[in-house]
Structures are given as C-alpha cells and as structure tokens.
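The values are calculated or read from the model by the stated rules, or taken from the named source; none is laboratory data. Keep in mind the model is a prediction, meaning the values are calculated, not measured. Please note: Cβ atoms are built from the backbone with ideal geometry, for glycine as well, and neighbour counts cover all protein chains shown. The protein model used for the area step is the full one, side chains on, heavy atoms only, and it has no ligands, DNA or RNA in it. Shrake-Rupley method; radii C 1.70, N 1.55, O 1.52, S 1.80 Å.
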Amino acid sequence: MKIYNSATHAKEEFQPIEEGKVRMYVCGPTVYDNIHIGNARTFISFDVIRRWLIASGYEVTFAQNLTDVDDKIINRANEQGRTAEEVATEFSNKFIDVMHRANVMDPDVRPRATKEIGPMIGMIKTLIEGGHAYAADNGDVYFAVRSDPTYGEVSGRKVDDLMVGVRIAAGEAKRDPLDFALWKAAKPGEPMWNSPWGKGRPGWHTECAAMVHRYLGCPIDIHGGGSDLAFPHHENECAQATCAWHEGFANTWMHTGMLLVDGEKMSKSLGNFFTLEEVLEKHSAAALRLLMLQTHYRSPLDFSWERLEGAENSLTRIAGTVQNLHWAAAHAADEPDNMASDALGEDLAACGRTFTACMDDDFNTAGALAAVFEAVTRANQYLEDTQGRAAVDEGAAIAAAGVISNWLGTLGIELPELEEELPAGLLGVAAGLCAYTGDDVNEAAERILAARAEARAAKNWDVADAIRDQLRDMGLVIEDTAAGSRIKHA
Ligand code: AMP
Ligand code: ZN
C-alpha cells in the first residue's frame, strides 16, 4: 500500500511501526458551533482511510480529540451569556451525533482537552527542563521555536522565511516572534486551571501532542487533518512532541484538500458554508460521501447542490441494479447460461482488482468508484442478456449484487433501500388482451402500464400489485426507469 506523505512530498510504501497494527490520530473539531461540510470532508476522508486500512487486515487504533477550550468557544459563550463549558458540551454532543448520521465510525479514543490538563502540564514541564520552552513573567509559557533544529519539516518551511511579517502582538511576552504559546495565563471570566506557572489554560497546539503521546505512544504511524492545519498547528504539535520525548512524532503526515464553494474555501469566517446537519436533512449520507469520494482526498473538492443531486441519482441507479440482480436471482433459470455467468464473474473479479489497486494507491477513491460503476454497467448488461433468454444464474446474480454492495460498504456508502415493487410481468396480459381486441400488443401493454401507474398514483396498491403479480405469473417484468416504465420478457 502506498500513501502520500505530505512531509516528504512523496508517495511511500506504507510500513507500520508494529507489524499488522496502525496507530493514527486525526485532529478533531473545536466545538463552538455546528460543523460544516468542509470539516466533514476531512473527517469522512479519514473515515474512509481508516476503513480501508481495517479492510486490508490492519488492527487500527484511531484517536481524535475534541478541542473544548479555545478562544472561539469563550467568545461564543460570552456572546450568548453562557459558560464555555455549556457551549462546548452542546457542540461536542452535536458533533458526535452528526458524525453518526454521516456514517463516520467513532474513534477508539476521544480525549477532550479539558480532561487532559495534567498530561499537558507534564509535557510543558519536560519542555522547560529540556530548554525548549520558557515561562514569561506574565504567566504565559512559550515554546522556543529556534531550539528545535527540525522545526519546519512537517510543512516544508524554513525558519528564517517564517520571520517575514511576524510580530509580537500586544499582551504577548515572547522572546522571539516565532515562538508560540504552550500555556496562556488566565484572564478574568475565562476557564482556568492551576499550574506551576499560575492559573491559566493550554494553548491550542498543546493538547494534540500530549494526547498522541498518552493514548497512542510516539511515534505514531499516521497523523492527519485538513491541509490548513499543516502550518502552524501540525508543525507545532510535532515540535513539542519531538523536543519533549525525542522519539519522533508521526511517520506519515496526511492532509486533505479543502472543500470549495464557487472556487473559495468553505469556512465559517467567509460565511459560505452549509452545515453537515442541514445537508443531511436534504440528502442521504451515502450521496454526500459518494460525491466526496469521486474526488481524491488531497485535491480540492468543488461542492454544489447539483453535484449532490447527481450523486443521489447515481446511488439510486446502483441500488436499482442490485435490486434487479436479487430479483433475477429469485427467478433464476433451471438451466442457466454458464458462459454468460462465467464471463460476468471474470469481469467483476477484474473490477475488484482495480478497486483494490486504486485504494492501495494512496486511497484513490475516484478510481475505486469508477471500478464500481464499471461493475454496475457489466451487471446490467448481464441482466439484459440473460433475462432476454431467461438464463439467469442465481449464484452469479447474488454474487454480483454482493460485491457491488460490499465494495461500497467498505467505503462507508450504504445503498438506499428501494421500494419493493419493481419487476413484474405484463406482455402476456397484453397478448391475452390483444387476442380479444385485435390491438397491437405494445399498445395494449401501454394501456396496462398506464392502468398500473394510475392505481399507484391513487395509492391503490392492491390493484397495482394484482396487475404486477398477474404479469409476473406470465413471466413478464415491468421495469420502472427514470424515463418511465417498460415491459420486458422475464
Ligand atoms: P477546525 O474545527 O476549524 O479545527 O476544523 C476541523 C477540521 O476541518 C480540520 O482538520 C480542518 O483542517 C478541516 N477543515 C476546515 N475547513 C475545511 C474545508 N473547507 N475543507 C476541508 N477541510 C476543512
Ligand atoms: Zn491537532
């Protein structure tokens, strides 16, 4: 399996530290508001990556934090006249709930910053002792960036280039403008904890380093997040962990591309966002995931409602094929056409190999989905060929339905359940009718279809079902498509 390491800018053969096991960490949200679908893109991408590692036989331990103390949370609490804890609890719960709705697996460990103050203070102490951090007179503690000779390696920056445009802001007690806060002295009305440097709270980058060390152990195999986190967040996490414990931090860095609307990054500050919750009210989680996975996780992803609608339609089409395969299996021939089913089996096996090869190539979900679509086309062709000659092989049809659903399931895409009403038979009735009326068979069939459509529109299910069943007994099927219903020989 090859994974693109954004720290080395190269696709590398993935070699876990411990045989058969993967330890991975993905930075979680700051819980001050509902997440938008840009955030969701990152979490869904890593869910798919995790699922594929598991499907490939790895025992994966996945940790993701909740940043539940932060300026944004404090500001939101002040605006709303609530405590920071109330705001953080509300949006932590909402985040967990909406991740479930998006079919994102729960992490194995979900540490919260406010519950990890002790380990963070321990790390900061170690950094001070090692000469990598210093406490300022005002109670802040800073990381001394120039004390870390490897600083810049995660995000590909040079320390001297970073000096351009950086200043020490009012109220900061840094020695060097590049330094960053590990601990912030308490301000009135803010959440605060006791520490050797007085009351205060941790800086944002502090938590992830301490949590990775505590719950996974350094170094880990994979560290991930959106590409906007590479600098300074990941750079700073890495600097703290490597300087505190000298064990390395993450072997592979993975960064997801940004979700865009009209060419611009979706973000709270630009106001061009849709929350995941509102999108899932209008569309299925499976359609959103299908849309997202049609673009490689490292590339920018253009979101539009039209594309989401398109993904929903594609899913319905695939679900229709799977349903038709099951129906065909239930009405299989006693003497199936073995040549046709063998050819189908071979073609699907080839699609399966392509699917695996794409996923093993830095999680190329777009390529993997193309293989699924190819399998669907091939299955439709099989149904068309064999049903015309009533030669469906039960095992082959069930196997085809199974692999299509399973491949999508591996990506976390659950096919929708379609109404159980599709194939039935009609032409025989039409033919019978024609014997009396002298009508053209097709015209008669049209009339029967119209009668069924009318019954269904009036929710007259008994009549509609009776028409369908009679036809089925005569070996005919009604195929309901987007373009209308058709009658076919079973
Ligand atoms: P935050 O709560 O701002 O730390 O964001 C949570 C995660 O969402 C981080 O991994 C961000 O990199 C990611 N993220 C934020 N905006 C976008 C976007 N427009 N597209 C993809 N990922 C994003
Ligand atoms: Zn982090």
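Summary of values
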| quantity | calculated |
| --- | --- |
| Conditions (1) closer than 18 Å to Asn65 by Cβ; (2) surrounded by fewer than 21 Cβ atoms within 10 Å (Cβ to Cβ); (3) of a type outside the set (D, E, K, R); (4) within 14 Å of ligand 2 (Cβ to nearest atom): number failed by Phe231 | (1) |
| Qualifying residue in segment 70-86 (condition: within 11 Å of ligand 1 (Cβ to nearest atom), modelled with pLDDT of 95 or more and surrounded by 22 or more Cβ atoms within 10 Å (Cβ to Cβ)) | yes |
| Matching option when the condition is in contact with a helix residue (DSSP H, G or I) (Cβ under 9 Å, 6 or more places away or on another chain) and without any contact (Cβ under 8 Å) to a residue 40 or more places away in the chain, among Glu18, Glu79, Glu13, Glu86 | Glu86 |
| Residues (in contact (Cβ under 8 Å) with a residue 40 or more places away in the chain and in contact with an Asp or Glu (Cβ under 8 Å, 6 or more places away or on another chain)) located in segment 132-152 | His132, Asp140, Tyr142, Phe143, Val145, Tyr151, Gly152 |
| Selection from segment 285-306 of residues that are open to solvent by less than 40 Å² (accessible area, probe 1.4 Å) and in a loop (DSSP other than H, G, I, E, B) | Thr295, His296, Tyr297, Phe303, Ser304 |
| Number of the condition not met by Ala55 [criteria: (1) closer than 23 Å to Met192 by Cβ; (2) surrounded by fewer than 19 Cβ atoms within 10 Å (Cβ to Cβ)] | (1) |
| Segment 356-415: number of residues that are open to solvent by less than 30 Å² (accessible area, probe 1.4 Å) and of a type in the set (Ser, Thr, Tyr) | 3 |
| Output for segment 146-174, where each listed residue is among the charged types (D, E, K, R), open to solvent by 70 Å² or more (accessible area, probe 1.4 Å), in a loop (DSSP other than H, G, I, E, B) and modelled with pLDDT under 95 | Arg157, Lys158, Arg167, Glu172 |
| Hits in segment 226-259 (condition: in a loop (DSSP other than H, G, I, E, B) and touching a Lys or Arg at 6+ places or on another chain (Cβ under 7 Å)) | Gly257, Met258 |
| Failed item, numbered, when Pro191 is tested on (1) under 21 Å from Thr67 (Cα atoms); (2) part of a loop (DSSP other than H, G, I, E, B); (3) open to solvent by 50 Å² or more (accessible area, probe 1.4 Å); (4) not aromatic (Phe, Trp, Tyr) | (3) |
| Among the candidates Ile413, Ile398, Ile404, Ile318, residue that is hydrophobic (A, V, I, L, M, F, W, C) and within 17 Å of the chain's Cα centre (by Cα) | Ile413 |
| Filter result for Ala40 (within 16 Å of ligand 2 (Cβ to nearest atom), under 26 Å from Thr89 (Cα atoms) and open to solvent by less than 10 Å² (accessible area, probe 1.4 Å)) | no |
| Search result, residues across segment 87-138 that are open to solvent by 70 Å² or more (accessible area, probe 1.4 Å), charged (D, E, K, R) and part of a helix (DSSP H, G or I) | Lys94, Asp97, Arg101, Lys115, Lys125, Glu129 |
| Close pairs (8 angstrom Cβ cut-off, 6 or more residues apart or separate chains): closer than 22 Å to Gly226 by Cβ in segment 46-57, part of a helix (DSSP H, G or I) and among the hydroxyl-bearing types (Ser, Thr, Tyr) anywhere | Val48/Thr365; Arg51/Thr410; Trp52/Thr410 |
| Conditions (1) open to solvent by 60 Å² or more (accessible area, probe 1.4 Å); (2) outside the structural domain of Thr252 (by TED's automatic domain parsing): number failed by Ser269 | (2) |
| Residue check, Gly409 in a helix (DSSP H, G or I) and in contact with a strand residue (DSSP E or B) (Cβ under 9 Å, 6 or more places away or on another chain) | no |
| Segment 328-342, residues that are open to solvent by 30 Å² or more (accessible area, probe 1.4 Å) and part of a helix (DSSP H, G or I) | Ala330, Asn338, Met339, Asp342 |
| Residue count, segment 26-68 (criterion: within 13 Å of ligand 1 (Cβ to nearest atom) and assigned to a loop (DSSP other than H, G, I, E, B)) | 11 |
